[in-house]
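Below: the structure, in structure tokens.
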Ligand SMILES: [Cu+2]
């Protein structure tokens, strides 16, 4: 973590000394917005609206214990492991609808609605013979609604600016998702169950053909949820750079580091399931992780015709390193697609 932070800082410093362009930062170019997975990266001018839709698909496959790959079989009790049930793969699909409105040049308000769709495959030992059976679980529905504001701290005439984000996440996502009468594990629940404070600080810079940005932020859980636990706090650091290829296209690269703590407290029903059928999915200590990802993105900004002002973006991300608490699924890849339109 320390090494990576130093590397990110060095990179940020070396990027920031690139020559800036004349004039203030502008969103009116293909790399005027950050890679599609970065939230709250840009502000709007007073009176401007923006609508956005994002689709994110994350695939997880295979198990990690700490930062080491382990086989599912080796973790089962019949082979000397401690678990009766283990996840083998998971897909998380998310649809995100966002709106932004600038009430002034200093304040842009934003809100985001999520719909989640989770599928998990599991191996479980059954009966006296401990025969391994395949099973699966699914959950879907509304996630936690987020809203907040971006505040312009400073903008300069050399293409640089810096802003703050104050956000709140409301506990609208279900934390009582079940399969039949049985509670699903923590990772299959649709929300945090707590009000979360989402602060962030973003720096942006532009030269004639390049743009870059850095964002640090996080999620702070306020209290415990109705099921007597809280997800771990999260800290995020992101650094990106983009090259304007034409007036309509840009390519981006992104480095992201995120760390989330273990679950504090426990859900009594999930704890009962863990007693009956021990699984990392039911264990609060198997729910934090440090992950560094690398992402590549392509952005399109329509300049003329009927779709003038519309943006399309795609980004692919893959982990560079991942260190989980306890035993958890390993992240394979994340694809994100997005559409944005401002007027
Ligand atoms: Cu916007």
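The values are calculated or read from the model by the stated rules, or taken from the named source; none is laboratory data. These numbers come from a predicted model, not from an experiment. Here the Cβ positions follow ideal geometry from the backbone for every residue, glycine too, while neighbour counts run over all protein chains shown.
Can you pull out every residue in the range 168-178 that is under 20 Å from residue 109 (Cβ atoms) and part of a strand (DSSP E or B)?
The answer is 168, 169, 170.
Look through 23, 28 and report the one residue that is away from the ligand (no atom under 16 Å from the Cβ), modelled with pLDDT under 95 and surrounded by fewer than 21 Cβ atoms within 10 Å (Cβ to Cβ). Explain how you work it out, then say what you get.
Values: 28 fails: away from the ligand (no atom under 16 Å from the Cβ).
Just one listed residue meets the conditions, 23.
Mind listing just one residue for me: the one in the range 301-316 that is at pLDDT 95 or above and more than 24 Å from residue 101 (Cβ to Cβ) and, of those, surrounded by the fewest Cβ atoms within 10 Å (Cβ to Cβ)?
It comes out as 316.
Is at least one residue of the range 317-335 in a strand (DSSP E or B), within 16 Å of the ligand (Cβ to nearest atom), touching a residue at least 40 places away in the same chain (Cβ under 8 Å) and buried (at least 17 other Cβ atoms within 10 Å of the Cβ)?
no
Inspect the range 78-91 for any residue being touching a residue at least 12 places away in the same chain (Cβ under 8 Å), within 16 Å of the ligand (Cβ to nearest atom), surrounded by 19 or more Cβ atoms within 10 Å (Cβ to Cβ) and in a strand (DSSP E or B) and give the result as yes or no. Even if it seems obvious, please write down each step before you answer.
To start, the set of residues in the range 78-91 that are touching a residue at least 12 places away in the same chain (Cβ under 8 Å) comprises 78, 82-91.
Next cut, within 16 Å of the ligand (Cβ to nearest atom) only: none.
Scanning the range 78-91, I find no residue that is touching a residue at least 12 places away in the same chain (Cβ under 8 Å), within 16 Å of the ligand (Cβ to nearest atom), surrounded by 19 or more Cβ atoms within 10 Å (Cβ to Cβ) and in a strand (DSSP E or B), so the answer is no.
Name, by its number, the condition in (1) closer than 28 Å to residue 57 by Cβ; (2) surrounded by 19 or more Cβ atoms within 10 Å (Cβ to Cβ) that does not hold for residue 71.
All conditions pass for residue 71, except number (2).
Condition check: touching a helix residue (DSSP H, G or I) at 6+ places or on another chain (Cβ under 8 Å), farther than 15 Å from residue 278 by Cα and in contact (Cβ under 8 Å) with a residue 12 or more places away in the chain. Does residue 114 satisfy that?
So residue 114 fails the test.
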